[in-house]
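Single-structure report; data block below.
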Amino acid sequence: MKLRHDLVQIASWIESGVRILDLGCGDGTLLAHLRDSQRCTGYGIEIDDASVLACARADVSVVQADLESGLRMFADGMFDTVVLSQTLQAMHNVESVLREMVRVGRRGIVSFPNFGHWSHAIALLRGRMPVTPDIPYQWYDTPNIHLCTPKDFELLAARLGLRITDRALLARGQPVTWLEDLRATVAVYRFEKR
Amino acid sequence: MTRSAPEPAGSVGEVRPCDRHFSAPLTLASGAQLAGYDLRYETYGTLNADRSNAVLICHALNASHHVAGTYAGQPRSTGWWDNMVGPGKPIDTRRFFVIGVNNPGSCFGSTGPMSVNPQTGRPYGASFPVVTVEDWVNVQARLCDALGIERLAAAVGGSLGGMQALSWAIQYPQRIAHCVAIATTPRLSAQNIAFNDVARTAIRSDPDFHGGDYYAHGVVPRRGLSVARMIGHITYLSGDDMTERFGRSLRTADYAFGYGAEFEVESYLRYQGDKFSEYFDANTYLLITRALDYFDPARGCEGDLVRALQPATARFLLVSFATDWRFAPARTREIVAALIANGREVSYAEIDAPHGHDAFLLDDARYHSLVAAYFDRIHVRLGGTGAPAGGAEEPR
């Protein structure tokens, strides 16, 4: 199966054979990929019934739980890497989930749509909320309540005492090298506790 | 099992129980000994050549070895988990050799308080030793020995049955590949024990109880047993479920200003209690509720469930139901957390079903699809080809 672009980037930052926690793991695609190609073990957390079933079918260990109620179930430092892909922007409590990620894991990786993409500015200049392939929701019907730009995320990470070790700003799966804050559609960060 | 008639679709068809005598004495957790005992059990499906596809179904309080299918000439004798076990069902008998066994102390054919004590020639009655979940698992392991099964593909159970599945993983880690524990708990709460004590007190204060030796008096503490069942039954249902089913509906046109079964819910509970007291044994009720009370694998580890589960090496599937207040999802989450702390492979689903504790016995597409998917993976691990062979994907 073809991996989503941000998941390809995430997988490239994960070493072989380590323990992973994937928050909001969906159908378990990333965990199955990491298991099959990198011998990683771990668990997914997912709230949606259909996704939990899909994980079971993919033979991915999944725990049905609401991320908003925290990661109390997990002890400190249990995982090498904790992943939160395309979910941060839909979380109520962004700060606490980021803190929890580096509590239960040595490192955290997040990916999120870049709200600072130039096309969004155009949409706003035209008087409309942006609707794009990466943020495909109408304003009145969106799970995304905490959209941000790369710079926004970096400021928050600094405030929370997170040290960003790697950053990838992607458009169509390729790294963007100039005007990346405006041209990237997806941002991926790896970080650890300072 | 021998089948005489072609079975209806999805059913294992006509089944017959088997009996086996075990003469080696069994030392129980209490220190007491059972000199010998009989086990009644049923099997469905076929044990494969390398004897690796056996699935043990552990029963809860009032169920038995009769998990699936029907008895000849008794069309209403369908097994208690027939919606889960059968050809094309989540636990597919075309793939797995499924074993149901009546636990000792119960009253459906295995040695229990109603059985004659060979040493006295009279029913055990009150003298039947208190048995624990661990004792039952030891007995079940002996049955597996007798059937030539070294390692179970899975032990499965709901409620008290889930405790047995869990205990299998702790007591016989090398003999169980998968543990499927549903609507269960690592220990009863004070509230749970309190309900059990009220039930037992109802039985023991019935004048027909005779200290547990009512068999000799030719009576049964029917009223006490009936009240015990009524109390239990309330705890199996959710409050919302009861409201939906009965509300405040009256069976009479208006209040009768008496104490008869005026409300629908009273009539229902009394009927359930009466029905139960006709087929269940009061001493068995005492024994089994005590086994529930005593189950606490962390007790020997200063309450540390993580340590208690350390020996367990099986893969786990745990399922709880959102409206189950008897064994609430939070209790199952404790088990999940302890297994994760031990680095075990575990999946956990919390099914948002409205039916309380009873949900584990009922049809629910999400629940059954998940168990089907899990057993599909077990089948693949045993060397089978994946993707259910029709019908098992979305049971409705």
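The values are calculated or read from the model by the stated rules, or taken from the named source; none is laboratory data. Note that the structure is predicted; figures quoted are calculated from it, not measured. Note that we place each Cβ from the backbone using ideal geometry, even for glycine, and neighbour counts take in every protein chain shown. Surface accessibility is based on the protein's heavy atoms, side chains included, excluding ligands, DNA and RNA. Shrake-Rupley method; radii C 1.70, N 1.55, O 1.52, S 1.80 Å.
Here are some notes:
- Of the residues B:369, A:51, the one with the largest accessible area comes first in the ranking A:51, B:369, computed with a 1.4 Å probe on protein heavy atoms.
- Buried on assembly, the range A:24-65 (at least 20 Å² less accessible surface than by itself, 1.4 Å probe): A:43, A:49, A:52, A:53, A:56, A:57, A:59, A:61, A:62, A:63, A:64
- Phi-based couplings in Hz for the range A:68-81 (Karplus 6.51, -1.76, 1.60; Gly and Pro marked x): 4, 7, x, 10, 4, 4, 10, 7, 4, x, 6, 10, 6, 9
- For the range B:107-232, relative contact order (Cα pairs under 8 Å, six or more residues apart, normalised by length) works out to 19 percent.
- Phi angles across the range B:82-87 convert, under the Karplus curve 6.51 cos²θ - 1.76 cosθ + 1.60 with θ = phi - 60°, into 3J(HN,Hα) values of 5, 6, 9, 10, x, x Hz, Gly and Pro given as x.
- Rounded D (µm²/s) - the range B:256-386, Kirkwood Rh over Cα pairs, Stokes-Einstein at 37 °C, 0.692 mPa s: 180 µm²/s
- Additional length obtainable on full extension of the chain from residue B:362 to residue B:301, 0.36 nm per residue less Cα span: 18.4 nm
- Here the accessible area of the protein assembly as shown is 52 percent carbon and sulfur, with a 1.4 angstrom probe and all protein chains present.
- Rounded to 10°, Cα long-axis angle of helix A:94-104 versus longest principal axis of chain A: 30 degrees
- Two-site FRET efficiency, residue A:76 against residue A:41, from Cβ-Cβ distance with R₀ of 22 Å, rounded to 0.05: 0.75
- Computed helical MRE - 222 nm, chain B, DSSP H runs ≥ 4 contributing -39500 (n - 2.57), nearest 500: -10000 deg cm²/dmol
- Within the full protein context, the accessible area of residue B:114 is estimated at about 100 Å² for a probe radius of 1.4 Å.
- Between the amide H of residue A:137 and those of A:132, distances stay under 5 Å, these residues lying 5 or more places away or on another chain, with hydrogens modeled in the peptide plane.
- Estimated [θ] at 222 nm from DSSP helical runs (n ≥ 4, -39500 (n - 2.57)) normalised by residues in chain A, nearest 500: -8500 deg cm²/dmol
- 3J(HN,Hα) from dihedral phi, the range B:227-239, Karplus parametrisation 6.51/-1.76/1.60, rounded to Hz, x for glycine, proline: 5, 4, 5, 4, 5, x, 4, 4, 6, 7, 9, 8, x
- Selected from A:165, A:83, A:29, residue furthest toward positive end of dipole (chain A; charges at beta carbon): A:165
- Projecting label points 7 angstrom from Cα along Cα→Cβ for residue B:117 and residue B:271 puts them 4.0 nm apart.
- Long-range amide H partners of residue A:83 with built H, under 5 Å: A:21, A:22, A:23, A:109
- Site pair residue B:216 and residue A:50 shows an inter-label distance of 6.5 nm when each label is modelled 7 Å from Cα along Cα→Cβ.
- For chain A, share of DSSP beta bridges that run antiparallel, in % to the nearest 5: 45 percent
- Rounded to the nearest 100, the interface formed by chains B and A buries 1600 square angstrom of accessible surface, both chains summed, with a 1.4 Å probe.
- Per-residue SASA entry for residue B:275, accessible area with 1.4 Å probe, Å² rounded to 10: 90 Å²
- All C-alpha pair distances within the range A:22-70, sorted into 10 Å bins from zero, spread as 32, 54, 14, 0 percent across the bins.
- The slack between residue A:166 and residue A:181, meaning 0.36 nm per residue of separation minus the straight C-alpha distance, is 3.9 nm.
- Accessible surface calculations at 1.4 Å, restricted to protein heavy atoms, place the protein assembly as shown at 43 Å² per residue.
- Value of D in µm² per second that Stokes-Einstein yields for the range A:1-149, Kirkwood Rh from Cα pairs, at 4 °C (1.567 mPa s): 80 µm²/s
- Of the listed residues B:299, B:222, B:381, the order by accessible area with a 1.4 Å probe, largest first, is B:299, B:222, B:381.
- Sparse packing (at most 10 other Cβ atoms within 10 Å of the Cβ) combined with a DSSP loop state is found for the following chymotrypsin sites (Phe, Trp or Tyr not before Pro) in the range B:224-266: B:255, B:257, B:259.
- Candidate aspartates and glutamates for bridging to residue A:151, where Cα separation is under 13 Å - those fewer than 8 sequence places away on the same chain excluded: A:180, A:181
- Long-range amide H partners of residue B:65 with built H, under 5 Å: B:102
- Estimated translational diffusion coefficient (Stokes-Einstein, Kirkwood radius over Cα pairs, 25 °C, 0.890 mPa s) of the range B:1-108: 166 µm² per second.
- Dipole magnitude of the range B:30-123, debye to nearest 20 (Cβ charges: Lys/Arg +1, Asp/Glu -1, about Cα centre): 80 debye
- Ranking by accessible area, most exposed first, for A:155, B:286, A:182 with a 1.4 Å probe: A:155, A:182, B:286
- Residue B:315 contributes an accessible area of around 80 Å² to the protein surface, as traced by a 1.4 Å probe with all chains present.
- Efficiency of FRET between residue A:158 and residue B:208 - r from beta-carbon atoms, R0 56 angstrom, step 0.05: 0.15
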